[in-house]
Amino acid sequence: MMSRLLILILAVVGLYSDFYSQVLELGPITQNRQIINKSLQLKNGNTTFDSTFVFISDTIDLPIFDDFSSNKFQTYQGDLNNPSITFSLFYSLTDPISLLPLNNNKVFTNQVTFKRVFDLTANNYLDSLFEPEIVRVGDLTNYPPQYSEVGLYPPYFVFDTINDPGNEIDTIWINNPPFFQDSARIFFQNVVDPNLIWQDSYAYHNYRFAKDPRSIGVVTFDGLDDTGYPYQIGTSVTNYADKLTSKPIDLEPYNASDSIYFSFLYQPEGLGDIPEDGDSLILEFYSPEIQNWNRIWGITGDTVYPFRAAHILISNPIYFQKGFQFRFRNYGSLAGGLDHFHIDYVQLRTLSAYDDTLFKDFAFVYPLNSLIKTYTSVPWDHYKESSDNKMTDSLLIKLHNGSPNPENYQNGQISVSYAGSNEGNFILQGFNLAESNINYSPRTTHSSYTDCSNGYEFDRAKTGNQQVFDIKSSASAQFPNFNPNDSTVFQQKFYNFYAYDDGTAEAAFGPTGTQARLAIEYNSYQPDSLIGINIHFVPSVTDVSSNLFLLTVWDDNNGNPGNILYEDDIFFPRNPEYTDGLNVFKTYYFKDTMKVAVGTKFHIGWRQLDAVRLNAGLDRNIDNSSKIRYSVDGGFTWLVSPFEGSAMIQPVFSTAIDSILMVSSIHELQEVKLYPNPTSDLLYISVNGYPSELEFELLNIQGSLMFAGSGAELNLIDLPNGMYYFRFNKELIKVYKIIKQ
């Protein structure tokens, strides 16, 4: 009896030890899902560079200026109809003297081959090696191809028998000889756009990662390449990662007396990951004269501080040439979105001076997000059926005064349009500051709050299941100013979900520990029924896509999660699924298309089955941390998130809109039959007794899409045995269970 009691005590102690070891953790994002598949990949699936393009950049002139409020990155798209197209044809096997290509029937091996003569009378044999042929061999896997002279042999052996009546000669060929004639064609195309500054896009142009930039838009350096993936995933390697390279610039007309200065702003960390002491951001200049990149400036890693200015005089004669370039590079982890640096306001100009370090501008710091209270999105039917004013009374406006003097900006404006027609306007008053101070102090960022609740409201009479309104905000100072960053645009979208976030994740977060719980509080405009939860999971240091959790919905208990209204079946847990693109979420529908009735205050989230952090996205630009709670003791005690930000976890309501794709549900399918069920291979579809070609989806028991298509039958022979869900036209009302055996 005592031994069983001891085991029970140890089990309880172990359980509570596990609970109290749980925490809410913040982590970096190690893949940028917003830009995956958006970078141009000049690959054709072949093993050579055949039919790819080499782009020849134009040369741009001074002045150079980019505050990154708009996209000034050169894009590359091969166009065979472009009149500037030329091409070169390269061969893998050429003559070493004439450099002409060898005949197509020429094949070789680098294995020594020979002729063997058997003498039956003497009962022996004699080998004579074939003489190697010197061939110029080119590597066509990379451009420009590298050639080397190699001694190659005929790809066969000859066996001859003498003193034999048959005098047989046999030739034995080597299978698939490795050296054969091949060719690859390269197309050369000029790209000419003097308005575009940047030759590459490895660094990340964005509007959210920096901490209080001086205008909208920065460029961020980390360990992700231009496709959003780590340079070397899963390693601890540090090296040079991103680079941002200018197009060639013509400095030939200038000299040191022209006072040419290169200026920019820089900041470590921002809202991203802290770069360590051994990490760095550097600036290099390219000299066409000596054809070399020279390091000019650099900083090491540090915690975040306000943007600082670098101001560099160009006086060395080696740079005053046509073809001068500059580039930024960062040194840090290659494992993902780590060790962040940010730059802004890059400027190269004449007639500057050593003390000319001021970027005199008046600009929005961040884009605006929403004109409605608390949320960036709400279901359209919730909004149009609400009776009270839902417009925000405290729209946060952040503006930076880059002037050396106190300034009062002229009244700004927010304009709302719908389908191209103006709907209404708000005035952004220049004196709407604390203590009625009408002036913005010099070189500082100011926050003000605009009341949008006295005037325009979104037109509730508009029909339809969803609505999208275009919002443009503008503000300007009285001094001459750079206009592009004086305005910002966004879309106010009304779909079928509530959202706190702006659609971008700057960090990953979640609780740790077995049975940990994460809950997000929502206050909806009206009671309704949920059909699922949108979650934006982001890759972090550890891939957790195979770990398990249970979707959970709670009612409210004095601001904390209360009774469980829904929780997934323990036999049907979920996995985090990563999605690509901006504001793309995975919709986890409730089991068996269940609808869960909720009041106006409820909580959504998960109970995780594993100990590791599941890495939901955290938007660090909008702070709704008071709505994030987590439990480390099985749901008995709930703690508030210590991290500023908004969880990218959204409740999806049962409205007239079907899922995030906004497809109307179809309820008219009657007498649908799927047979045979169970099946080992073919599954047939009939409606009202007749074969019917319908759009359908097949999902596994975790809800992951296995196949989507249309037709009157589906072959399951290649799928593992087990249970699957089958639904028509993304139908949310009726789901059919299929057994593959």
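The values are calculated or read from the model by the stated rules, or taken from the named source; none is laboratory data. Every value quoted in this text rests on a predicted model; they were computed, and no experiment measured them. Don't worry about glycine lacking a Cβ; one is built from the backbone with ideal geometry, like all the others, and counts go over all protein chains shown.
Quick look at the values:
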quantity	calculated
Residues located in segment 386-397, provided they are of a type outside the set (Ser, Thr, Tyr) and without any contact (Cβ under 8 Å) to a residue 12 or more places away in the chain	Asp388
Subset tally (residues that are free of Cβ contacts under 8 Å to residues at least 12 places away in the same chain and in contact with a His (Cβ under 7 Å, 6 or more places away or on another chain)) for segment 348-385	0
Complete set of residues in segment 108-154 that are surrounded by 13 or more Cβ atoms within 10 Å (Cβ to Cβ), among the acidic types (Asp, Glu) and more than 60 Å from the chain's Cα centre (by Cα)	Asp119
Subset of segment 571-582 [within 32 Å of the chain's Cα centre (by Cα) and part of a loop (DSSP other than H, G, I, E, B)]	Phe572, Pro573, Asn575, Pro576, Glu577, Thr579, Asp580, Gly581, Leu582
Residue in segment 598-619 that is of a type in the set (D, E, K, R) and under 16 Å from the mean Cα position of the chain (by Cα) present	yes
Scope segment 161-217; condition outside any loop (DSSP other than H, G, I, E, B) and hydroxyl-bearing (Ser, Thr, Tyr); matching residues	Thr161, Thr171, Ser183, Tyr204
Subset of segment 583-629 (residues that are outside any strand (DSSP E or B), of a type outside the set (Val, Ile, Thr) and either touching a Cys at 6+ places or on another chain (Cβ under 7 Å) or farther than 26 Å from Pro642 by Cα (or both))	Phe590, Lys591, Asp592, Met594, Lys595, Gly599
Candidate set from segment 200-230 (those that are among the aromatic types (Phe, Trp, Tyr) and under 19 Å from Glu284 (Cβ atoms)); member that is surrounded by the fewest Cβ atoms within 10 Å (Cβ to Cβ)	Tyr202
Selected residue (only one of Gly599, Gly605, Gly617, Gly634 is in contact with a His (Cβ under 7 Å, 6 or more places away or on another chain) and either in the same structural domain as Ala519 (by TED's automatic domain parsing) or surrounded by fewer than 19 Cβ atoms within 10 Å (Cβ to Cβ) (or both))	Gly617
Single residue of Ser377, Ser387 found to be closer than 18 Å to Glu457 by Cα and modelled with pLDDT under 90	Ser387
Filter result (at pLDDT below 95 and polar (S, T, N, Q)) within segment 322-342	Ser333
Which numbered condition Ile97 misses (of (1) in contact (Cβ under 8 Å) with a residue 24 or more places away in the chain; (2) over 30 Å from Tyr266 (Cβ atoms); (3) not in a strand (DSSP E or B))	(1)
Residue in segment 295-302 that is charged (D, E, K, R), in contact with a strand residue (DSSP E or B) (Cβ under 9 Å, 6 or more places away or on another chain) and crowded, with 22+ Cβ neighbours inside 10 Å present	no
Complete set of residues in segment 445-488 that are in a strand (DSSP E or B) and either of a type in the set (Asp, Glu) or modelled with pLDDT of 90 or more (or both)	Gln467, Val468, Phe469, Asp470, Ile471, Lys472
Odd one out for Tyr354 among (1) under 30 Å from Ile64 (Cβ atoms); (2) touching a strand residue (DSSP E or B) at 6+ places or on another chain (Cβ under 6 Å); (3) not small (Gly, Ala, Ser)	(2)
Some residue of segment 240-247 being part of a loop (DSSP other than H, G, I, E, B), at pLDDT 95 or above and either more than 24 Å from Val544 (Cβ to Cβ) or in contact with a Ser or Thr (Cβ under 6 Å, 6 or more places away or on another chain) (or both)	yes
Residue tally, condition closer than 28 Å to Thr463 by Cα and at pLDDT below 80, over segment 646-698	16
Leading residue by the ranking (modelled with the lowest pLDDT) among those in segment 632-645 that are touching a strand residue (DSSP E or B) at 6+ places or on another chain (Cβ under 8 Å) and of a type in the set (Phe, Trp, Tyr)	Phe643
Qualifying residue in segment 485-492 (condition: surrounded by fewer than 23 Cβ atoms within 10 Å (Cβ to Cβ) and out of contact with any strand residue (DSSP E or B) (no Cβ under 7 Å at 6 or more places or on another chain))	no
Filter pass, Ser236 being of a type outside the set (Val, Ile, Thr), in the same structural domain as Leu348 (by TED's automatic domain parsing), without any contact (Cβ under 8 Å) to a residue 24 or more places away in the chain and over 22 Å from Trp198 (Cα atoms)	no
Residues of segment 327-353 classified as touching a Phe, Trp or Tyr at 6+ places or on another chain (Cβ under 8 Å) and closer than 17 Å to Ala256 by Cβ, total	5
Total residues in segment 299-318, condition part of a strand (DSSP E or B) and either in contact with a Ser or Thr (Cβ under 6 Å, 6 or more places away or on another chain) or in the same structural domain as Gly402 (by TED's automatic domain parsing) (or both)	3
